[in-house]
Amino acid sequence: MKIVDYDATRRSDVAELMGRVWGEPGDEQELEWFYERNPVAPASVLLAEEDGRVVATVAMSFVRMSIGGEELTVGMPVRLATDPAYQRRG
């Protein structure tokens, strides 16, 4: 297994993974917005793959928050998914 950075060419792979995890594929337009077109900043997305197949993903999506009266950009974990065949491996 290896960890690789996400790029737009892997969007359909991530959508398929979400289908295996949640029973319904991810909406590719929604993934594009969350991962690539977020107006705050593009997401930081990692993929775990084995034999070229995406088996897990995690993303940090960036949002603006006001904390103590100061506007900050913070990362929020989103779209964490692990293929059922790869869960409970530690």
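The values are calculated or read from the model by the stated rules, or taken from the named source; none is laboratory data. For clarity, every value in this text was computed on a predicted model and none was experimentally measured. Positions of Cβ are generated from backbone atoms using ideal geometry, with glycine treated the same way; all protein chains shown enter the neighbour counts. Ligands, DNA and RNA are excluded from the accessible area calculation, which covers all protein heavy atoms including side chains. Shrake-Rupley method; radii C 1.70, N 1.55, O 1.52, S 1.80 Å.
Scan region 51-90 residue by residue and report those that are open to solvent by 50 Å² or more (accessible area, probe 1.4 Å), assigned to a strand (DSSP E or B) and in contact with a helix residue (DSSP H, G or I) (Cβ under 9 Å, 6 or more places away or on another chain).
Result: 53, 79.
Considering only residues that are modelled with pLDDT of 90 or more and aromatic (Phe, Trp, Tyr), which ones fall in region 14-59?
22, 33, 35
Please identify the pairs in which a residue from region 13-38 that is free of Cβ contacts under 8 Å to residues at least 24 places away in the same chain has its Cβ atom under 6 Å from the Cβ atom of a residue that is part of a loop (DSSP other than H, G, I, E, B), counting only partners at least 6 apart or on another chain.
Once the first residue is free of Cβ contacts under 8 Å to residues at least 24 places away in the same chain and sits in region 13-38, its partners that are part of a loop (DSSP other than H, G, I, E, B) give 15/25; 15/26; 19/25.
For region 9-43, give me each residue that is open to solvent by 50 Å² or more (accessible area, probe 1.4 Å) and in a helix (DSSP H, G or I).
Result: 9, 16, 20, 22, 28, 29, 30, 32, 33, 34, 36, 37.
May I ask you to list the residues in region 52-90 that are among the charged types (D, E, K, R) and within 18 Å of residue 15 (Cα to Cα)?
53, 79, 83
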